[in-house]
Amino acid sequence: MIFTSIKKTLITAVAFGFLAYYPIQANAWGMIGHRVVGEIADSYLKAKTRKAIQGILGYETLAMSANWGDFIKSDSTYNYMYNWHFVNLPGGLNKDGVFNILETEKAPNLYNKITDLIAILKKPSSTADQKKLALRMLVHLEGDLCQPMHVAHKDDLGGNKVSLTWFNEKTNLHRVWDEQLIGYQQLSYTEFAKVINHPSAVQLYNWQNTSLKDCIFESYKVCDKIYENTKPDSKLSYRYNFDWVDTLNQQLLKGGVRLAKVLNDIYDK
């Protein structure tokens, strides 16, 4: 009886700890969003780039590899990658302020790890295993880059501490942008990609010619607007989707177009 009681207590404690921890570990875009970014990127790959990627990933598509960076969070071996998925930025900064943080922050973050991964993929002496890990993580982090709450505030854990309700379900700001807005569209990742993958010639040119720092600043400006227009404890539903779905779609589309540009720059030489 005593053993049973202790066992129940431990199970309860573990379950409670998991629930308390889960929101902090929210995955950027969720599975569908990351796959949308990968699927869109695939449509802009050059032939030489596609061949090089297949040489590294085999028959694993960009859409399928896009969530690897979140899947491996279950393996403590990869705990060192936790900070790679985001960069903390306080609100109210101008471009120079954002750039200064990106240029001076030495701890691993979304900005400097994307740069490092690109360097690994370009380096002739990188091993096959190093290239596979770097490519999988680059695909994932380029998706994180266009999720606005991954350039959010440290004090609220990227919106994880901003409590909300989504169609009467308790949630937080980060999760709304990770998963719930995307899930509300009721589309598979292939359907989603087909629906939104129609950039204008001007958009395509501009997005393909934006520096990494400028990409982060763009997401940061969207993030500031989200904070400004999503107050804690708000009850979100149809109107929130109506107001933000175009922004959501554009961020996903940008992510795919820019991921393809990064990959083409590496391999189509």
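The values are calculated or read from the model by the stated rules, or taken from the named source; none is laboratory data. Keep in mind that what you see is a predicted model, and the values were worked out from it rather than measured. Don't worry about glycine lacking a Cβ; one is built from the backbone with ideal geometry, like all the others, and counts go over all protein chains shown.
Applying the set (1) touching a residue at least 24 places away in the same chain (Cβ under 8 Å); (2) not in a loop (DSSP other than H, G, I, E, B) to residue 199 leaves exactly one unmet item: (2).
For the structure I just gave you, tell me whether residue 214 is farther than 16 Å from residue 255 by Cβ, acidic (Asp, Glu) and modelled with pLDDT of 95 or more. The answer is no for residue 214. Of all residues in segment 164-178, which are at negative phi and either without any contact (Cβ under 8 Å) to a residue 12 or more places away in the chain or polar (S, T, N, Q) (or both)? Result: 165, 169, 170, 171, 172. Against the conditions (1) buried (at least 17 other Cβ atoms within 10 Å of the Cβ); (2) farther than 30 Å from residue 238 by Cα, residue 140 satisfies every one except (2). Would segment 159-167 turn up any residue that is more than 20 Å from residue 245 (Cβ to Cβ), in contact with a Ser or Thr (Cβ under 9 Å, 6 or more places away or on another chain) and part of a helix (DSSP H, G or I)? For segment 159-167, residues more than 20 Å from residue 245 (Cβ to Cβ), in contact with a Ser or Thr (Cβ under 9 Å, 6 or more places away or on another chain) and part of a helix (DSSP H, G or I): absent. Within segment 135-154, residues that are farther than 13 Å from residue 30 by Cα reach partners that are part of a loop (DSSP other than H, G, I, E, B) and small (Gly, Ala, Ser) with beta carbons closer than 8 Å, at six or more positions or on different chains, in the pairs 139/66; 152/158; 152/159; 153/91; 153/159. Residue pairs whose Cβ atoms lie under 6 Å apart, sitting 6 or more positions apart in sequence or on different chains, and linking a residue in segment 179-191 that is modelled with pLDDT under 95 to a partner that is exposed (fewer than 13 other Cβ atoms within 10 Å of the Cβ) and assigned to a helix (DSSP H, G or I), do not occur here. Pairs are defined by a Cβ separation below 6 Å, a sequence spacing of at least 6 or placement on different chains, a first member in segment 67-82 that is touching a residue at least 12 places away in the same chain (Cβ under 8 Å), and a second member that is part of a helix (DSSP H, G or I) and of a type outside the set (Val, Ile, Thr); the pairs so defined are 67/31; 67/34; 68/136; 69/137; 69/140. Restricting segment 213-269 to residues that are under 30 Å from residue 56 (Cβ atoms) and over 18 Å from the mean Cα position of the chain (by Cα) leaves a set whose member that is surrounded by the fewest Cβ atoms within 10 Å (Cβ to Cβ) is 269. Looking at residue 183, is it buried (at least 23 other Cβ atoms within 10 Å of the Cβ) and either part of a loop (DSSP other than H, G, I, E, B) or not hydrophobic (A, V, I, L, M, F, W, C) (or both)? No, not satisfied.
Within segment 206-248, the set of residues being in a helix (DSSP H, G or I), among the polar types (S, T, N, Q) and more than 15 Å from residue 149 (Cα to Cα) comprises 206, 208, 241.
Considering segment 1-60, the qualifying helices (runs of 4 or more DSSP H), each wholly inside and each with 1 or more residues that are at pLDDT below 95, run over 2-21, 30-42.
Cβ separations smaller than 6 Å between residues 6+ apart or across chains give the following pairs from segment 110-127 residues that are without any contact (Cβ under 8 Å) to a residue 60 or more places away in the chain and of a type outside the set (Gly, Ala, Ser) to residues that are surrounded by 17 or more Cβ atoms within 10 Å (Cβ to Cβ) and part of a helix (DSSP H, G or I): 113/84; 117/134; 117/137; 117/138; 120/134.
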